[in-house]
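Asker: Take a look at this one; I'll ask things after.
The values are calculated or read from the model by the stated rules, or taken from the named source; none is laboratory data. No experiment lies behind these values; they were computed from the predicted model shown. Every residue, glycine among them, receives a Cβ derived from its backbone with ideal geometry; neighbour counts consider all protein chains shown.
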Amino acid sequence: MSRQVSLIFDSDSQYFACRNLVAHFLAAGWSIQFVILGEFELPPPGNLPPMPVVRVETLAEIWKIPAVVGSTAIGAYLPGSKLREIWLGAEDHFSRNGTRPILFTGYNGVVLQRFEDGMGWRVGYDLIALNSPEDREKAMAFSSHSTLQRATLMPIIGINRTDKPSTFAVERSASWGKTRTVVFAEQVLFPRGPKEKYSLYSHMIRIALENPDWKVVVKPRTPPDGFTFHRQSDHISRFIERNFILPSNMSICYEPLDELLKKTTALLSISSTAFFDAVGTGVPSFTLSDFGISSTYGTHFFHGSGCTICLASLGKLSHGLFESRPTQEWLELKGFSPKFSPANIIAALEELKGAGANDAPLIPFESEQRLLAFPADLPAGNVAARTFWVRLTSSPNAGTVQHPPANLRKTLARIRRRIVGMAGGDAGQAGSNGKS
């Protein structure tokens, strides 16, 4: 019997999360269509065949498109409030129209902050794909007082782009040792302020000047006219142009990362998932310790890797500086292992279909919220998540199909203000997950 999946997204990071699923769905005999919300322009498909595309201006439109509502499954990769809007729209539509698609979602890359809030937005989906055993532990703890564990499948799909990634514990690039190029993978959010940016790129220029036989390359997250899930008011190329004159051996490069890594000696970042892209190609990868171990910058995620470098302390470069490798155990904990694959989503979808999920009501979102209230004896770090549920479920009209995003944003804003006033340092745990 034919299977079709509709993958919904509205930005580049979400597109790449969906793109990572395409080859696996095709290999399993599924047909695929992309549903793009808004004006996001698809990048070139690369080595994948082009997919049929449906464009919508609002999520309400998708329930009027037969090719979408008739899908075997709908995969939603969107910001938190839009994930809930999908669920509410599906409940409203299919409560009157019988057989429904299986709803699933996941995360766009590594989750650096507010994992529990991200889970909160996903409550009610039939399947929530997780990145790693570490995330699975968090998800199980989050849902331990609800029926979510029994009703929702949570397969681990990993964060590697291939089914058989190389690892530093086993091998490294054959070209490593023949190149003298350090690449810095820029992130839209980090560093946050102009002073920190100025300090960061000043050190890069100093390193380039002190090592004229090496190349220092800045790889921006997007081109100047591009956009990502996160807002970007000042592209890094413009910041550098305003503040610096680059030495001849330092440049800004927009070449695809996969191609750039083929001629890279070491990749540096603050907390970019490019770390794992480099790992997968056998290129040494390091996060910068200049910003400390901080959830604000996502550097806490890489703590324990053994692969950190202080940019301010770097002087004369040599290949010996880049010998450190993360252990296989650490990589597996973070989801980088051939054990994990997006194919696990497809196996879980087949399991759900075989169990009759297409003919069953959706997992009740509102009742799950109340069941997910955190008990008082949980650690203080969960105060924000507990407050999130209390205010969300008690907010007037919080569950209406007509205006869920606006109501939820207002509710979250009130929660954030209240937590800032009452919980101090715990406030950083509240709000929708930035990676979604």
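Asker: Please go through region 4-20 and give me each residue that is of a type in the set (Phe, Trp, Tyr) and modelled with pLDDT of 95 or more, ordered by number.
Answerer: 9, the sole residue that qualifies.
Asker: Could you tell me whether any residue of region 21-31 is modelled with pLDDT of 95 or more, in a helix (DSSP H, G or I) and either among the aromatic types (Phe, Trp, Tyr) or not assigned by TED's automatic domain parsing to the domain that holds residue 356 (or both)?
Answerer: Yes; the residues of region 21-31 include at least one that is modelled with pLDDT of 95 or more, in a helix (DSSP H, G or I) and either among the aromatic types (Phe, Trp, Tyr) or not assigned by TED's automatic domain parsing to the domain that holds residue 356 (or both).
Asker: Now, a different point. Is there a residue being within 24 Å of residue 222 (Cβ to Cβ) and modelled with pLDDT of 90 or more anywhere in region 302-309?
Answerer: yes
Asker: With respect to residue 95, determine if the residue is in a helix (DSSP H, G or I), touching a residue at least 40 places away in the same chain (Cβ under 8 Å) and of a type in the set (S, T, N, Q).
Answerer: Here the answer is yes, as residue 95 does meet what is asked.
Asker: Among the listed residues 264, 222, 296, 273, identify the single one that is β-branched (Val, Ile, Thr), farther than 27 Å from residue 113 by Cβ and under 26 Å from the mean Cα position of the chain (by Cα).
Answerer: 264
Asker: Among the residues of region 77-89, are any without any contact (Cβ under 8 Å) to a residue 40 or more places away in the chain, within 22 Å of residue 57 (Cα to Cα) and assigned to a helix (DSSP H, G or I)?
Answerer: Looking through region 77-89, none of the residues is without any contact (Cβ under 8 Å) to a residue 40 or more places away in the chain, within 22 Å of residue 57 (Cα to Cα) and assigned to a helix (DSSP H, G or I).
Asker: Only residues in region 52-71 that are touching a residue at least 60 places away in the same chain (Cβ under 8 Å) count as the first member; pair them with residues that are of a type outside the set (S, T, N, Q) and assigned to a helix (DSSP H, G or I), Cβ under 8 angstrom, at least 6 apart or cross-chain, and list the lot.
Answerer: From region 52-71, the pairs are 68/62.
Asker: Looking at region 45-72, which of its residues are outside any loop (DSSP other than H, G, I, E, B) and closer than 10 Å to residue 32 by Cα?
Answerer: Within region 45-72, just 53 meets the criteria.
Asker: Further question: For region 342-359, indicate whether the set of residues that are assigned to a loop (DSSP other than H, G, I, E, B) and within 26 Å of the chain's Cα centre (by Cα) is non-empty.
Answerer: Yes, some residue in region 342-359 is assigned to a loop (DSSP other than H, G, I, E, B) and within 26 Å of the chain's Cα centre (by Cα).
Asker: Residue by residue through region 101-120, note down the ones that are under 8 Å from the mean Cα position of the chain (by Cα) and at negative phi.
Answerer: Answer for region 101-120, where residues must be under 8 Å from the mean Cα position of the chain (by Cα) and at negative phi: 107, 108, 110, 111.
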